[in-house]
1. Looking at B:530, B:512, can you tell me which residue is part of a loop (DSSP other than H, G, I, E, B) and modelled with pLDDT under 95?
2. Looking at (1) free of Cβ contacts under 8 Å to residues at least 12 places away in the same chain; (2) among the hydrophobic types (A, V, I, L, M, F, W, C); (3) over 20 Å from residue A:153 (Cα atoms), which one does residue A:233 not meet, given that it meets all the others?
3. Looking at residue A:258, is it surrounded by 15 or more Cβ atoms within 10 Å (Cβ to Cβ), among the polar types (S, T, N, Q), closer than 30 Å to residue A:137 by Cα and in the same structural domain as residue A:361 (by TED's automatic domain parsing)?
4. Just one of C:102, C:88 is more than 14 Å from chain B (Cβ to nearest Cβ) and farther than 30 Å from residue C:259 by Cα; which is it?
5. Is there a residue in region C:167-179 that is of a type outside the set (A, V, I, L, M), surrounded by 13 or more Cβ atoms within 10 Å (Cβ to Cβ) and over 23 Å from residue C:83 (Cβ atoms)?
6. Is region A:188-204 home to any residue that is closer than 21 Å to residue B:256 by Cβ, within 14 Å of chain B (Cβ to nearest Cβ) and assigned to a strand (DSSP E or B)?
7. Taking the condition of being of a type in the set (Gly, Ala, Ser) and not in a loop (DSSP other than H, G, I, E, B), how many residues in region A:310-335 meet it?
8. From B:223, B:215, which residue is away from chain A (no Cβ under 14 Å), modelled with pLDDT of 95 or more and under 19 Å from residue B:152 (Cβ atoms)?
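The values are calculated or read from the model by the stated rules, or taken from the named source; none is laboratory data. On a predicted model such as this, the values are computed, not experimentally measured, just so you know. A quick note on method: Cβ atoms are made from the backbone with ideal geometry, for glycine too, and the neighbour counts reach across all protein chains shown.
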Amino acid sequence: MLTHITAALASTLATVQDASQELTPGPHLFPDQASTTAAETDNVYLFIFWLCALAFVIIVAGTGYFVWKYRAREGHKAEKTATHDNVLEVTWTVIPTLLFGVMFWVGMKGYVGLKQAPADAYPIQVTAQKWNWKFTYPNGAESPELHVPVGRPVKLTMTSIDVLHSLFVPAFRVKQDVVPGRYTTLWFDAKDGVLKEGQDMVEYDLFCTEYCGEQHSAMITKVFVHEDESFAAWAEETANFIQNEPAYVAGQKQFLISGCNACHAVTDEAGTGPGLLQLSQLIKGGGSVDVTIGGAQQSVPADDNYLRESILNASAAIKVGYTNQMPLFQGQLSEEQLGVLMIYIKSLADENYRAESTLSQLEGGGEVEGTETDTDQGE
Amino acid sequence: MSSTTTATPTTTQPHQSAPEENYLNCSSGFLSWFFTLDHKRIGIMYLVAIFAAFGLGGFFALALRTELAQAGQDIMDMNVYNQMFTLHGAIMVFLVIIPSIPAALGNFVLPIMLGAKDVAFPRLNLFSFHLYVVGAIFFVLTLMGGGLDTGWTFYTPYSTGHTDTMVTTAVLGAFILGFSSIFTGINFMVTIHKMRPQGMGFFNMPLFLWGMYATAVIQVLATPVLGITLLMLAIERNFGLGIFDPALGGDPVLFQHFFWFYSHPAVYIMILPGMAVISEIISVFSRKHIFGYKFIAISSIAIALFGFFVWGHHMFTSGQSTAMSTIFSAITFSVAVPSAIKIFNWMTTMYKGEIILKAPMVWALGFLWLFGIGGLTGLFLGTMNTDVYYHDTYFVVAHFHYVMVGGTLWAFFGGIYYWWPKITGKMYEEKPAIIASLVSLVGFNVLFFPQFFLGNMGMPRRYADYLPKYEFWHLVSTIGAYILLAGLLMVLWNLIRSLTSGGKAPQNPWGANTLEWHTPSPPPHTNFEADPPYAGDPYALDHWAWDPETQSYVHIAASEQELARVEGHDAL
Amino acid sequence: MSSTSTAAPADSAEAHGHGHDHHHDPTLAHHFDSHEQQFDAGKLGIWVFLVTEILFFSGLFCAYAIWRANHPEVFHYAHHYLDTKWGAINTVVLLVSSLTAAWAVRSAQLGDQKGLQRNLLITILCAFGFMGIKTIEYTAKYHHGTLPGANFHPHADSMILIEDGEFVGVAKDVARQELAAMYPDMPAEGELTAGQEEAVHLYSAKLVEQADPVPDSVPVFFSIYFFMTGLHGVHVVAGIFAIFWVYLRARRGEFTKKYFGAVDYVALYWHLVDLIWIYLFPLLYLIS
């Protein structure tokens, strides 16, 4: 009997919630509920929304009614009513307090659920910097976008290398500040239902939502929710892209993973950092670059040494006209990652670097620098 | 004002000294103003300065909205945008909203409402004003010297080591403005404690003074913590203090705790004076005694007190522990209750009243609507899991503009219109004033309501650019900004015109009973020509009757009141 | 009619078109009804101001508490750099000055003009003494290189040695003791030749290397130390100006048995400055 009643209540509640979601203007604008906890957040929203709507109608309609009914006009005078009424005061104190108590309670429960990641969650490391995200997977793969498997909990362990950032995925209804010097965590479970018939991947927006400087509003990436096989394949491919891809293609990927694109265009366009096409042309043509070393201006040859040092420790020699804003990559990049980056940058102006050979093929087979490449290449 | 008899027998008019010497014309010249000790002149100087700062902060807002009308960088690049939103916030918070009602209206009205000749410490009052000017100069220097791009919240480590902008100058400016605020608070607290007239116990004071008192308590207790926080920030930035820097073992989140410990109570510094003004206006323009006086008075103190314990609700996603977040959320709801109590008491005041829709009342009704929305949307933010979604999105931006602009600014304009005849001795034109208020109301809602939708759609705040799907509501919002601009310009025009060609203001155009209406408009230098009358019940509006001939309210002698009482109205 | 009335409203008799005849006591401001109201208002005012000062410092005490709770080893190590002797002397100096400040108020209450001036002067002298000792301490820190935050570059000679968590001593002193034990012609006390100085210097560096590693974040201790004592010092200097101003007014005979508010308020401020030091001293110097 009791189970019947509770089941009936639950289904009524669900119907009411659905109906109210249809009727309420706000929720139409919410993104899809893509995580297992999203519905709870939305339901709390709806509960608060309807209470507020009721309160607002009481206040505005009530006030409006009084303004009309008691408006100053011929023959109408104010009536002396009581100037206080304790019963009334207690009533309109107690009722809101009780309602707020419920609000607090459901909010707290939801929040606690958001904070406690399930024990078997798939772990992903997140590194935030001005102005990009880097996601590192258990198999060592790295990507500038977040890829996750559908239907299982994922736990992000996050830190920043510079200032405060905040990771926000509206579709999952989750958000957590990313703090330099410590780790914060966030978990979600992209629920099974998000993938439709025949779809093996769906994408959502991921925003930085703690102001972090000039390009804060560009620190946007995507979350890709994969069906299981698709995710496994992606992870495998991404972990080994340097081994498998042509060096300059791998370099372009690494360029995005390391966040170089946040400050450097691959054209002539100057941003926070110089556009790299010009450097590439100088390297190809054997030119030189004007830099500031230890406060004094100098001209240095644009060669592999300069390129390598500029990536690993840019502050040692900053190009004239720019400020020292590039993070230290010494110790952050493996030799392979550095190698493909250098090839990519050189490939911007020099076609010879757009060979189909992978990095190891280039290094094992011939010279990394120089204009000669393997004969069997395509474009 | 004529002293001939009018339609009502045995009315008394206050004696008008001739020539009409008042605080405005008793001395002239820049020095007599800039070094005055007269609280009324100081109030006016604050009013002018605050309007100027409002214009500057508003200019930045308009620039922002114009840029945001469409996606892409249209009229400014990202760096300029970041500076604009920072300066808009910093100027509006520190130079406009926090001082607004206490400095411009409180300074003028508070001593007169107490039947006093001045505040307790007139020289300290002048010093407060001078500090305001110096603080403002620091902000101008910030603007001219390279700007500021940290957000008005100055979060570390961005502000301590990742920007070349004029952080130290701005922070020192805010520090100095903090002292201006503290000294005003000390002055008001002591004046209310020690200079109330005979017979005016705390529970006989007008509610405006309760609001000023509660605000003063917050100013005194919270602002010093901001002061030390800003000092720590400046020293960290310039000398590597190490408290907020993770590289030295410090904690950037610690800054947020220190900062919000002040800045949350600060928002009650902003709203309590507004609520105090509304209490006066609603009673007077409903021709009814305020309902629930004690509850409204105590609720101001409750808000001030509880407001000190909720700062962590700005930090639910900061990495603070779940336990702390829980405590902060629970206490946050406790602050909502006294605010609700006020609204219900105001509405009940209007019940069976005689509602006079003049400009002050139109602003006050607008306040009820806008603060209603602002306060209610705060519930979504105090609730922990919905806040996780809404924090740092446009929903928050809409919420705080509804309470700070729709609340405080609306009450500020209501108060300006209410006390304008007393301050200037001139009447403004009623119809254009009401139209200006309504145009502003429409503009404000078109500007900010869509921002709730943007928040629902997940749009983060402090974004110089946005994804195309957000464009529609941004365009609507910008249109609203221009409508609001039109409304506010109409307000300014209406007020300035009254100075040049407004009618002469009677002593009591509104029929209020607080003491400032028992002295001429504008008041004499010492506030009262003779000893001020016995204060009595500030909401005994039936001591005044409307005289159509002079278009003003006139004081009914005691015998008249007795007559009215015997004729069958309820007891006074 | 002037609206720029000053503290002595002697000109205000004609300034108020009251139509009354007021006996304008020059020591009663025109907006107060009585001396009692004026004194009470001032008293409440200064107390509220002192509350703001306490809250101002509380931010720093809070930062101290959090830091110490999270990094106790830093505090245990770094506080040895402070000279407890000077700290203790300063505490006594301030206590004495508080006594004379209170005495000054008593003198004013009794109308004892000479006593009032004398006590104010002694208070100021004590304040100067305090600042003098602070100067000695700060310059010593400068010479030892133990400056706050990013400027923390301690000289090997001055570094504190810890072995197995136990405090051993200042490197230079320990070096000298040990060298004196090893080499009979090296005096344990008194003057040293240039060569011997050099030896001590080198040996200190060796001892520093051998001792327990210095805890991370030691610079932050000095940041906190300099910030808290520096801010306190600023308040001492402000106090000197304020007390001196009151002293000048006392010399001009402005205070009477009925009117001495300024003396009382400034003395109250001075008591708070003293009290803050009473807290700072153990928290910074007496950590064990």
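1. Values: B:512 fails: modelled with pLDDT under 95.
Of B:530, B:512, the one residue that is part of a loop (DSSP other than H, G, I, E, B) and modelled with pLDDT under 95 is B:530.
2. (3)
3. Working: surrounded by 15 or more Cβ atoms within 10 Å (Cβ to Cβ): yes; among the polar types (S, T, N, Q): yes; closer than 30 Å to residue A:137 by Cα: yes; in the same structural domain as residue A:361 (by TED's automatic domain parsing): yes.
Yes: the conditions hold for residue A:258.
4. Values: C:102 fails: farther than 30 Å from residue C:259 by Cα.
Answer to the check: C:88.
5. No, because not a single residue in region C:167-179 is of a type outside the set (A, V, I, L, M), surrounded by 13 or more Cβ atoms within 10 Å (Cβ to Cβ) and over 23 Å from residue C:83 (Cβ atoms).
6. The first filter runs over region A:188-204 and keeps only residues closer than 21 Å to residue B:256 by Cβ, leaving none.
No: region A:188-204 contains no residue that is closer than 21 Å to residue B:256 by Cβ, within 14 Å of chain B (Cβ to nearest Cβ) and assigned to a strand (DSSP E or B).
7. Going through region A:310-335, the residues of a type in the set (Gly, Ala, Ser) turn out to be A:310, A:314-317, A:321, A:331, A:334.
Pick out the ones that are also not in a loop (DSSP other than H, G, I, E, B) and you get A:310, A:314-316.
Within region A:310-335, residues that are of a type in the set (Gly, Ala, Ser) and not in a loop (DSSP other than H, G, I, E, B) number 4.
8. After ruling out the rest, the residue left standing is B:223.
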